[in-house]
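The values are calculated or read from the model by the stated rules, or taken from the named source; none is laboratory data. The shown structure was predicted, so the numbers you read here are calculated from the model rather than taken from an experiment. Methodologically, a virtual Cβ is constructed for each residue, glycine included, from the backbone with ideal geometry; neighbour enumeration extends over all protein chains shown.
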């Protein structure tokens, strides 16, 4: 089986959804501990910690002050995140079986929640993995989470023989995973677009391509690395000559 790792997004939407299938974050307790730490920061402190505007700092101050309250909105993680990685995932067309496939095949790394399954209910928040938030466990979130995220991923891998990690997360988020302790090999796809006479990684397009690949794995129930070669979403195509076993390359030359 392929297990896809994604980054979350800053953009979120908590409008009501008709999907009533949910799960609870497996690391909810340490997430609440982080929220309690964030509650000690005033708006100026949040603005400085996360380099936010006054308006965004006030929004996130309010979010953390009410974090976990019964009246605070919640939503499945895969539906709540709406940034670039999630824009080309046609979730409105997903069947119940597609959402079940996503629950098995996708994990979203999170600064606040550690790691999330797509149907895990989350509250509005902003806490990027690279934030230098000091806690009793260390000087930043990488030290706070330690090996707990890796252990959760390994617990998922234990249910599937011969599973492979497809790393579609950013470097900032994948750093929370201890790759040496993972019980699976890691494949990191590379997406390049043709620009000014050569193929190169363009961050905006690469983010969207990672989401498209996650969608491809989910809806086609991809079981092994060879199945990734059939990925053609958005006009990308597998390039065997440029690829290595650990880094399959997908190229796109737009008209």
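When you look at residue 147, is it surrounded by fewer than 17 Cβ atoms within 10 Å (Cβ to Cβ) and in contact (Cβ under 8 Å) with a residue 12 or more places away in the chain, yes or no? Spelling it out, residue 147 is indeed surrounded by fewer than 17 Cβ atoms within 10 Å (Cβ to Cβ) and in contact (Cβ under 8 Å) with a residue 12 or more places away in the chain.
Output the number of residues of the stretch 50-81 satisfying the condition of being in a loop (DSSP other than H, G, I, E, B) and surrounded by fewer than 19 Cβ atoms within 10 Å (Cβ to Cβ). Of the residues in that region, 11 qualify.
Scanning the stretch 5-25 for residues that are surrounded by 19 or more Cβ atoms within 10 Å (Cβ to Cβ) and either without any contact (Cβ under 8 Å) to a residue 40 or more places away in the chain or over 18 Å from residue 82 (Cβ atoms) (or both) returns 5, 25.
Please tell me if residue 47 is under 16 Å from residue 126 (Cβ atoms), crowded, with 19+ Cβ neighbours inside 10 Å and over 20 Å from the mean Cα position of the chain (by Cα). In short, yes.
Taking residue 160 and the conditions (1) at pLDDT below 95; (2) part of a strand (DSSP E or B), which numbered condition does it fall short on, given that it satisfies the others? Just one mismatch for residue 160, condition (2). I'm checking my understanding of the structure. Among residues of the stretch 202-230 that are free of Cβ contacts under 8 Å to residues at least 40 places away in the same chain and within 27 Å of residue 81 (Cβ to Cβ), which one is surrounded by the fewest Cβ atoms within 10 Å (Cβ to Cβ)? Looking at residues that are free of Cβ contacts under 8 Å to residues at least 40 places away in the same chain and within 27 Å of residue 81 (Cβ to Cβ), I get 203. Out of 89, 129, one residue alone is more than 12 Å from the chain's Cα centre (by Cα), in a loop (DSSP other than H, G, I, E, B), crowded, with 16+ Cβ neighbours inside 10 Å and in contact (Cβ under 8 Å) with a residue 40 or more places away in the chain. It is 89. Screening the stretch 26-44 for residues that are within 19 Å of residue 58 (Cβ to Cβ) and touching a residue at least 60 places away in the same chain (Cβ under 8 Å) and picking the one that is surrounded by the most Cβ atoms within 10 Å (Cβ to Cβ) gives 38.
Close contacts from the stretch 104-115, counting a first residue that is free of Cβ contacts under 8 Å to residues at least 40 places away in the same chain and a second that is part of a strand (DSSP E or B) and buried (at least 24 other Cβ atoms within 10 Å of the Cβ), with Cβ to Cβ under 6 Å and a gap of 6+ residues or different chains, come to none at all.
If you go through the stretch 102-124 and pick out every residue that is in a loop (DSSP other than H, G, I, E, B) and either crowded, with 23+ Cβ neighbours inside 10 Å or touching a strand residue (DSSP E or B) at 6+ places or on another chain (Cβ under 8 Å) (or both), you end up with 7.
Residue 31 meets the stated requirement of being modelled with pLDDT of 95 or more, in a helix (DSSP H, G or I) and within 21 Å of residue 108 (Cα to Cα).
Checked against the criterion of being part of a loop (DSSP other than H, G, I, E, B), within 19 Å of the chain's Cα centre (by Cα) and closer than 15 Å to residue 105 by Cα, the stretch 167-181 has at least one qualifying residue.
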